[in-house]
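Reading through the structure tokens given below for one structure.
The values are calculated or read from the model by the stated rules, or taken from the named source; none is laboratory data. Because the structure is predicted, anything quoted here is derived from the model rather than measured. Neighbour counts run over all protein chains shown; Cβ positions are idealised from the backbone, glycine included. Accessible surface areas use protein heavy atoms only, side chains included; no ligands, DNA or RNA. Shrake-Rupley method; radii C 1.70, N 1.55, O 1.52, S 1.80 Å.
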Amino acid sequence: MQKLLKTMLYCHQATTNLMIDTIHSLITSVNARDPYTYQHSLNVGFYAWKIANQFQLGEEECANMYIAGLLHDIGKIGTPDSILRKYGELTKEEWELIKKHPETGCAIVQMIGPLQNRGIDQTILYHHERMDGQGYPHGLSSAEIPLGAKIVSVAEAFDAMTTVRLYRPALPYGEAVEQLIDGKGTQFDPIVVDAFLKSMADRSWWD
């Protein structure tokens with residue numbers, strides 16, 4: 001992971017090394033707490049990077065999407081193990097605690113200047129907002145949601161659907177794609193979904 005980060009972060013060497021070390025430390029702490037969230041974060045970073053490339057964003061913006069994907073769930077460090085590792089459905093109270101993780105993650109990243117300067121804190125804060133305004137934490141809708149958050153939202157949802165969770169098996173690739181398509185315009189930005197599907201057209205690595 002560190003080698004990939006170094007390749008993407010082409011800014012001044014001292015800043016690059018600081019960011020790599022900081023990001024690696026944060027992700028390592030996630031792995032120590034919850035291995036599923038760790039692997040999920042790696043996958044989301046990869047998918048977000050693929051979407052950003054499909055949009056032909058600049059190198060720095062693509063790197064930002066990768067980093068935001070890696071760190072999108074960093075706020076779950078503050079979530080009790082009894083909730084993170086629970087088998088079965090969450091109670092209403094437990095769900096309300098889970099919904100705090102974007103704000104917690106944003107607050108963590110805002111303490112790291114180079115990451116905040118890249119807007120990664122805002123991507124983390126808004127990655128669970130929805131196009132129809134039914135998301136959280138602020139109920140933003142449509143154009144109010146930053147593009148980075150829309151990208152991570154699609155990347156996060158796809159990986160969540162296609163990996164085994166404590167409370168359900170993984171969905172097949174085709175079913176996950178259908179759910180993304182069904183969510184266009186309500187949960188997801190249609191343009192971002194289309195970009196993701198184009199980026200996944202050659203998925204020989206998937207099988």
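Of note:
- Dividing the summed helix terms, -39500 (n - 2.57) for each DSSP H run of n ≥ 4, by the number of residues in the chain produces a 222 nm estimate of -19000 deg cm²/dmol to the nearest 500.
- MET161 sits among other residues whose Cβ lies under 13 Å from its own Cβ, and their net charge, with Lys and Arg +1 and Asp and Glu -1, is -3.
- About the centre of its Cα atoms, the range 33-190 shows a dipole size close to 300 debye [charges on the beta carbon of Lys, Arg (+1) and Asp, Glu (-1) only; nearest 20 debye].
- In the range 88-207, Cα pairs under 8 Å separated by at least six residues give a relative contact order of 19 percent.
- When nucleic acids and ligands are ignored and a 1.4 Å probe is applied, THR162 ends up with an accessible area of around 20 Å².
- P(r) tail fraction, the chain - alpha-carbon pairs more than 24 Å apart, %: 38
- Heavy-atom SASA rank of GLU96, GLU156 (probe 1.4 Å, accessible area, largest first): GLU96, GLU156
- Pairs of Cα atoms nearer than 8 Å and 6+ residues apart set the relative contact order; for the chain it is 19 percent.
- Helices of the chain meeting both criteria, an alpha-carbon length of 15 angstrom or more along the long axis and an average Kyte-Doolittle score not below 0.5, with helices taken as full DSSP H segments, are 147-162.
- Computed over the range 142-207: relative contact order in percent, which uses C-alpha pairs under 8 Å that are six or more apart: 32
- When TYR136, TYR36 are compared by accessible area at a 1.4 angstrom probe, the order from most to least is TYR36, TYR136.
- Heavy-atom accessible surface of the range 69-174: percent carbon and sulfur, 1.4 Å: 54
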